[in-house]
Amino acid sequence: MRRERTAYHEAGHAVIAYRLGVEVKFVTILPTHHSGGYVTPGDLFCGGTGSDHAALERAIKFCLAGPMAEALFYPRYHRRLKSVDYVCAFGLARYLAGWGAREIIRHQERETKKLLKLYWKDVQQVAQALLEYDELTGIAVKGIMDREEDDRIAAMAPEEPDPF
């Protein structure tokens, strides 16, 4: 079960990064000395468009996406405020709002949860690929999500009329 939780955790980071316009370079669920897995993003502060404020919010969402995806997959998950992901998110939120960091985190948790639900199928597909291969390049992650998007677009397309 721990391996599956780690796969969903890392898939959450990867999918949200990609969907927010941040390049994903590498994802793994192979443990290191410091973690059960990790995502190597491109520059979190240059991805997408918008202001410095928007870039900080994007980085906070990236931090929150892992533990929140894990919680969606494993409902008995308990949020650990001292985890690396939450420490990073709170540090960025304090930079944005000082003492109002908790409100920023609560708001970003709601926004991140909406994104995870919207792209949950992508998270599932990336997690399954991680369980199969242990690690993925950013190109592989992009391919998984682009394939899912193509499938969604094809499902929404109107059927062509029968010419006969």
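The values are calculated or read from the model by the stated rules, or taken from the named source; none is laboratory data. Quantities reported herein were computed from a predicted structural model and do not represent experimental measurements. Cβ sites come from the backbone with ideal geometry, for glycine too, and all protein chains shown count toward neighbours. Note: areas computed on protein heavy atoms with side chains; ligands, DNA, RNA excluded. Shrake-Rupley method; radii C 1.70, N 1.55, O 1.52, S 1.80 Å.
Brief remarks follow.
- In units of the rule-of-thumb radius 2.2 N^0.38 Å, the chain shows an alpha carbon radius of gyration of 1.10.
- Accessible-area composition of the chain, carbon plus sulfur, in percent [1.4 Å probe]: 57 percent
- On the beta carbon distance between residue 121 and residue 25, with R0 = 30 Å, the FRET formula returns roughly 0.85.
- For residue 24, the residues whose modelled amide H falls within less than 5 Å of its own, excluding neighbours fewer than 5 places apart on the same chain, are 42.
- Over the chain, relative contact order from alpha-carbon pairs under 8 Å, at least 6 apart, %: 29 percent
- Here's the list of lysines a cross-link from residue 114 could span, going by alpha-carbon distance under 21 Å and ignoring same-chain residues fewer than 8 apart: 61, 142.
- Rolling a 1.4 Å probe over the protein heavy atoms leaves residue 25 with an accessible area of roughly 110 Å².
- Here the label points at residue 114 and residue 34, each 7 Å from Cα along the C-beta direction, are separated by 3.2 nm in the simple model.
- Computed Kirkwood radius, in angstrom, where 1/r is averaged over Cα pairs of the stretch 11-79: 12.6 Å
- Separation of the residue 97 and residue 147 label points, Cα + 7 Å toward Cβ, nm: 3.9 nm
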